[in-house]
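The values are calculated or read from the model by the stated rules, or taken from the named source; none is laboratory data. Note that the structure is a prediction, hence the values are computed from the model and not measured. Heads up, the Cβs are rebuilt from the backbone with ideal geometry, glycines too, and the neighbour counts pull from every protein chain shown.
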Protein chains: 2
Amino acid sequence: MIQKPRGTRDFLPDEMERRRHYEGVLRHIARTFGFREIATPIFEETELFVLRSGPNILNELYAFKDKGDRDIALRPEMTAPAIRMFVNGMSNEPKPIKIFYFGQCFRYERPQSGRYREFFQFGAELIGNKNPESDAEIIALAASMIEALGLREYRIRIGHIGVLRQKLADAGVPKERTAEVLQKLDKKLYDEAEPILMDMGVSDLARQEIFDLTETVGGKDVLSEVPGEAGEYLRSVAEILERMGVRDIDIDLGVVRGLDYYTGMVFEAEAPALGAEKQICGGGSYTLSELFGGEQVFSTGFAIGFDRILLAMEKEGTQYELRGIDAYVVPTSDIVRGEAYSVVSMLREAGISSDIDLMGRKMAKAMKHASAVRAGNVIIVGEKELSEDSVTVRNMSSGEQTLVKISDIVRFLS
Amino acid sequence: MIQKPRGTRDFLPDEMERRRHYEGVLRHIARTFGFREIATPIFEETELFVLRSGPNILNELYAFKDKGDRDIALRPEMTAPAIRMFVNGMSNEPKPIKIFYFGQCFRYERPQSGRYREFFQFGAELIGNKNPESDAEIIALAASMIEALGLREYRIRIGHIGVLRQKLADAGVPKERTAEVLQKLDKKLYDEAEPILMDMGVSDLARQEIFDLTETVGGKDVLSEVPGEAGEYLRSVAEILERMGVRDIDIDLGVVRGLDYYTGMVFEAEAPALGAEKQICGGGSYTLSELFGGEQVFSTGFAIGFDRILLAMEKEGTQYELRGIDAYVVPTSDIVRGEAYSVVSMLREAGISSDIDLMGRKMAKAMKHASAVRAGNVIIVGEKELSEDSVTVRNMSSGEQTLVKISDIVRFLS
């Protein structure tokens, strides 16, 4: 028996309905914030992702050659494609450009709980601006999305990559080795960072200060300990967020993010319900367009792990109520089957979701099928009722049966 | 400058809004017919598509080996994945199973007008039944979708593969060579079919009858010339469609479809606006599950070429009106910027799509940007108005300006 590929999923109707519902919630919130949807191809030139993430990304890519011998890869994320699209075709649009996207991404990694080889991301980018207003707008959008989905417990941690970079430079870490140190600090691997910093001749005191900085977490007040522009900047971001009514945020100078292209504010959101693998969203301000052949343009954005956040909601016990259909039409005999088709077509034309018995089932079996497809009402089309231009409508939750004129059914069910 | 891969597309915001709108129309119609959405992975084991379409499909596939040395391919269509999913996980669900899907498919072919290497299909399958009722339901769904999109000119041509198969068998065409002949007849390549049939010893008369049959087109009445079960069957389908109010259908015994797995009714829809490449939809009744390791289950379904049908509507001059946003908030100075953020957040919370100046623009430039993002209203937040707990709302189409209490804005704009 042929199976789906490892690490991928089939979405059956119940699960798919739930996913489309929450996808719609995210799309609605993005639109209320004035963001507009875009879409890019499922695959890109492999080089695009290497330019964004470095050559190590190749180990995780579904990369291959097409029949024209081009190196292409299934997208592992959508920021690089979005910025590639901006460089190719949107760079002259009025700024800031506010876009969002939703779709599949692919990583060849060991499948585990909440992590798939084909996974879904929702992301947004605000292109063409670098100021606290833009960063606050992006964080507020992420927060509103998480809130609108109904996730109960989550934290948003906001940091600034400039603070740590400055500290490392002051401590004598050479610029070309900063990334190496940041990667360890990102994962709080102090044991591994220590020998590297010692090797660079960073003093015990400076080392401790670096480690302390990455553990600096709290409200706006912790910024009083942060000197210079970066601290000022974050304070502005926090103040705008307050004005926008965004709660549940922490300042956390230990938010590093793994990638070189971040330029200032960085943030992550996590859901405690997920345990160790709790990150559901990550982003920050960055520049990428110059890597793809465009001018340097400041941007800020984020991506939400759609599968992860749905898993978190499930673990919190959030229920999604399946909709079912409005009506299931059952002819009582073959003689009235033609009339039953007229009735079902009339309902559908009026936007009332309706199904009809296609298998010539007897009444008892048809009623059972109506329950299986979660019909709100069963419409019984019988000879006797038809002689009065009527049908019997049975409300499936109350069990109540009503004789309704055919010309009145649409109104009756609306 | 890195470009998108050949034969793929970026969808910018205007185009994407239009596409999401029409995608929503199709989804809505499928739901009113009691069909439920599913989704399958972007790639599958290559074998799945070879089993469905024969080894020639390999020439058109994006097929590659993953890092685990598995043969996988980007899906060229979604019927095979849907039936694979049915065999794996839905075979015990109550019948008939009514599902639909929408997404990208991939074919490595020469890009041309309306044909892309990454293209979008909308499809539906009704699984577990073989009778005129089921086939009519599927055709009615396709017709309602096309109608709901607003395509003005289209024809649906309905045939029955059994009629032609029977004729070929009667004329002495060996079973194992039927596919070869059908492929020529599908494309009306009589010049190429003739020597093949002569080679098989098919008489001049029988040959002419075969060719005549594939040219038999008309209303229900042409079925009087069609003997046997297949003619009866199609007559029933046509009668149910009549009851369901489906117009613009032809009986056309020349509809052959290219593939072996069709078992009975076959149909196609075409849009004359597209010229030579006018097919927008194709389907029919078939069995596939036994090829994938399941039991034989009769099904009927279709796929709509989403890109093609949108192109046809464009050629017919159908306009889609872009929505824009409800409100654009402009603070007149930095002093009131904080209040402006409170206002924009309040609007968004109420579901009113709103944007705010993030670049500290002066009024004239901000008004220009408001037009660029198609704002229905501009909300001017100024010191004087704020002293009366009010803002000025400017209706962008009428130019009318109104002083509105902040507590009343949501109501005012709703």
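Looking at (1) crowded, with 19+ Cβ neighbours inside 10 Å; (2) at pLDDT below 95; (3) out of contact with any helix residue (DSSP H, G or I) (no Cβ under 7 Å at 6 or more places or on another chain), can you tell me which one B:Leu259 breaks?
(3)
Can you go through A:Ile352, A:Ile379, A:Ile409, A:Ile356 and tell me which one is within 25 Å of A:Gly24 (Cα to Cα) and either touching a residue at least 24 places away in the same chain (Cβ under 8 Å) or of a type in the set (Ser, Thr, Tyr) (or both)?
Just one listed residue meets the conditions, A:Ile352.
Take the conditions within 19 Å of B:Lys130 (Cβ to Cβ) and among the charged types (D, E, K, R) and apply them to B:Glu270. Does it pass?
No; evaluated as a whole, the condition is false for this residue.
So A:Tyr108 fits all but one of (1) assigned to a helix (DSSP H, G or I); (2) farther than 27 Å from A:Leu234 by Cβ; what number is the exception?
(1)
Output the number of residues of the stretch B:110-119 satisfying the condition of being within 10 Å of chain A (Cβ to nearest Cβ) and either under 23 Å from B:Ile139 (Cβ atoms) or not hydroxyl-bearing (Ser, Thr, Tyr) (or both).
Within the stretch B:110-119, residues that are within 10 Å of chain A (Cβ to nearest Cβ) and either under 23 Å from B:Ile139 (Cβ atoms) or not hydroxyl-bearing (Ser, Thr, Tyr) (or both) number 2.
Of the numbered conditions (1) within 24 Å of A:Asp71 (Cα to Cα); (2) more than 10 Å from chain A (Cβ to nearest Cβ); (3) among the aliphatic types (A, V, I, L, M), B:Ile72 satisfies every one except a single condition; which is it?
(2)
Being buried (at least 22 other Cβ atoms within 10 Å of the Cβ) and at pLDDT below 95 is the filter here; which residues of the stretch A:39-62 pass it?
A:Arg52
Results for (1) at pLDDT 90 or above; (2) surrounded by fewer than 18 Cβ atoms within 10 Å (Cβ to Cβ); (3) touching a strand residue (DSSP E or B) at 6+ places or on another chain (Cβ under 7 Å), shown as yes or no for each residue.
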position	(1), (2), (3)
A:Leu197	yes, no, no
A:Glu209	yes, yes, no
A:Val222	no, yes, yes
A:Met244	yes, no, no
A:Ile251	yes, no, yes
A:Met265	yes, no, yes
A:Glu268	yes, no, yes
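Output the residues belonging to the stretch A:1-26 that are at the interface with chain B (Cβ under 9 Å from one of its Cβ atoms), touching a residue at least 60 places away in the same chain (Cβ under 8 Å) and assigned to a helix (DSSP H, G or I).
A:Asp14, A:Glu17, A:Arg19
Tell me which residues, restricted to the stretch A:253-308, are part of a helix (DSSP H, G or I), touching a Ser or Thr at 6+ places or on another chain (Cβ under 9 Å) and under 28 Å from A:Lys95 (Cβ atoms).
Listed by number, the list holds a single entry, A:Ser289.
Being hydrophobic (A, V, I, L, M, F, W, C), under 28 Å from A:Gly7 (Cα atoms), modelled with pLDDT of 95 or more and in the same structural domain as B:Glu77 (by TED's automatic domain parsing) is the requirement here; does B:Ile29 meet it? Full working, then the answer.
Numbers: hydrophobic (A, V, I, L, M, F, W, C): yes; under 28 Å from A:Gly7 (Cα atoms): no; modelled with pLDDT of 95 or more: yes; in the same structural domain as B:Glu77 (by TED's automatic domain parsing): yes.
No: the conditions fail for B:Ile29.
What number of residues within the stretch A:122-134 are buried (at least 21 other Cβ atoms within 10 Å of the Cβ) and more than 10 Å from chain B (Cβ to nearest Cβ)?
5
Search the stretch B:168-195 for residues being surrounded by fewer than 17 Cβ atoms within 10 Å (Cβ to Cβ) and not in a helix (DSSP H, G or I), and hand back the single one that is farthest from the chain's Cα centre (by Cα).
Per the stated criteria, the residue is B:Gly172.
What's the total number of residues in the stretch B:56-79 that are among the hydroxyl-bearing types (Ser, Thr, Tyr) and within 15 Å of A:Ile42 (Cβ to Cβ)?
Summing the residues that are among the hydroxyl-bearing types (Ser, Thr, Tyr) and within 15 Å of A:Ile42 (Cβ to Cβ) in the stretch B:56-79 gives 1.
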